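Visitor: Just dropping this structure here.
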Amino acid sequence: MMFHQLIPFGLGPVYAAQMLALVWRAERLPEAAGPRTGVAGQGRRVRLLILGDSSGAGVGVARQHDALIGRMLHHMTPHVRVEWQLIARSGATSRAARSMLRGVGQFDVAVLALGVNDVLRQTRTARFRQVQTALMHDLRQVHGVGCILASAVPPLGAFPAFPEPLRGFLGRRAVRLDMALRDVCNSTGALHVPFDITPSADLLARDGFHPGANLYCHWGARMAQLALRASRTGKS
């Protein structure tokens, strides 16, 4: 996510004021440097896609090696040959991510890191559900993905970057969208991967919002384990 891209239309006066203050003072962390595609490891081939927003792009760490893709490769490449591609952009919503897939090839496993910007831009729950369903359909039917691992919408109500009462407002919206995401996963055969750790300061980047190296390590290890399991069984 990029705070300076937020437009708080429709927010109440207190929420809008807090959002604008946050946008004004927030540090603009860059996306992690490094390649966005490659081949690594030996053995059985697994074609891996990471599709997402700033967290998928590695904002919060300096190098992709320390971001989600790097941590997944660290755990996967001792076991399989990974042909991977990272398609992620700060500020991307679920709708934007769907358009980012145009012209992309075939994959076995797709990891999704989306939802935060849908919360911040106040995407309606019904619209979010519709776009996520279409995205899952595209991944299955157009890109041949057998296993979709959808990261939960993070619990924004627990992130220290947001002041109250804005934090509570965003937290409630995040819960609603995550419930919708779980429903979409259940209906499309994707796997919803919960955000089940407390976003404490030692896990976050210095902006108090984006993942830090420790959180990427945890997240990457979990997604790698699920991807390896799915690649053996051919199921999400």
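The values are calculated or read from the model by the stated rules, or taken from the named source; none is laboratory data. Remember, predicted model here, so these are calculated numbers, not experimental data. Note that each Cβ is placed from the backbone with ideal geometry, even for glycine, and that neighbours are counted across all protein chains shown. Note: areas computed on protein heavy atoms with side chains; ligands, DNA, RNA excluded. Shrake-Rupley method; radii C 1.70, N 1.55, O 1.52, S 1.80 Å.
Visitor: How many angstrom lie between the Cα centre of the stretch 171-226 and the Cα centre of the stretch 105-148?
Guide: 15
Visitor: For the stretch 30-84, max minus min Cα coordinate along each principal axis, in Å, sorted largest first?
Guide: 34, 17, 14
Visitor: Probe of 1.4 angstrom, ligands and nucleic acids ignored: what's the accessible area per residue over the stretch 14-157, in square angstrom?
Guide: 42
Visitor: Express the carbon and sulfur contribution to the solvent-accessible surface of the stretch 41-108 as a percent, rounded to the nearest whole number, probe 1.4 angstrom.
Guide: That fraction is 41 percent.
Visitor: Separate question: Report the Stokes-Einstein translational diffusion coefficient (µm² s⁻¹, integer) for the stretch 60-182, Rh taken as the Kirkwood radius over Cα pairs, at 10 °C with viscosity 1.306 mPa s. Don't skip to the answer; put the middle values down first.
Guide: On the way: Rh = 15.7 Å.
Translational D for this selection: 101 µm²/s.
Visitor: In whole percent, how big is the carbon plus sulfur part of the accessible area of the stretch 137-236, probe 1.4 Å, protein atoms only?
Guide: Whole-percent figure for carbon plus sulfur exposure: 54.
Visitor: On a 0 to 90° scale, report how tilted helix 125-141 is relative to the longest principal axis of the chain, with both axes built from alpha carbons and the result rounded to the nearest 10.
Guide: For helix 125-141, the angle is close to 20 degrees.
Visitor: Output the relative contact order of the stretch 67-167, whole-number percent, from Cα pairs under 8 angstrom with separation of 6+ residues.
Guide: Relative contact order for the stretch 67-167 comes out at 30 percent.
Visitor: Using a Förster distance of 22 angstrom, determine the FRET efficiency expected from the C-beta separation of Ser99 and Arg140, and round it to 0.05. Display every interim value, and only then the final one.
Guide: Details: r = 17 Å, r/R0 = 0.79.
The calculated FRET efficiency here is 0.80.
Visitor: In square nanometres, what is the average projected area of the Cα convex hull of the chain?
Guide: Orientation-averaged projected area of the Cα hull: 11.4 nm².
Visitor: Mind jotting down a quarter of the surface of the convex hull over the alpha carbons of the stretch 130-170, in square nanometres, one decimal? Write down the numbers at each step before the final one.
Guide: Numbers: hull surface 15.8 nm².
So the Cα hull casts an average projection of 3.9 nm².
Visitor: Which Rg and Dmax, in Å, describe the Cα atoms of the stretch 175-217?
Guide: Cα-based Rg and Dmax for the stretch 175-217 come out at 13.3, 37 Å.
Visitor: Report the Rg/Rh value for the stretch 165-236, based on alpha-carbon coordinates and the Kirkwood definition of Rh.
Guide: Rg divided by Rh gives 1.04.
Visitor: R0 = 25 Å: FRET efficiency of Ala158 with Arg124, Cβ-based, nearest 0.05? Working shown, then result.
Guide: Details: r = 23 Å, r/R0 = 0.92.
For R0 = 25 Å, the calculated efficiency reads 0.60.
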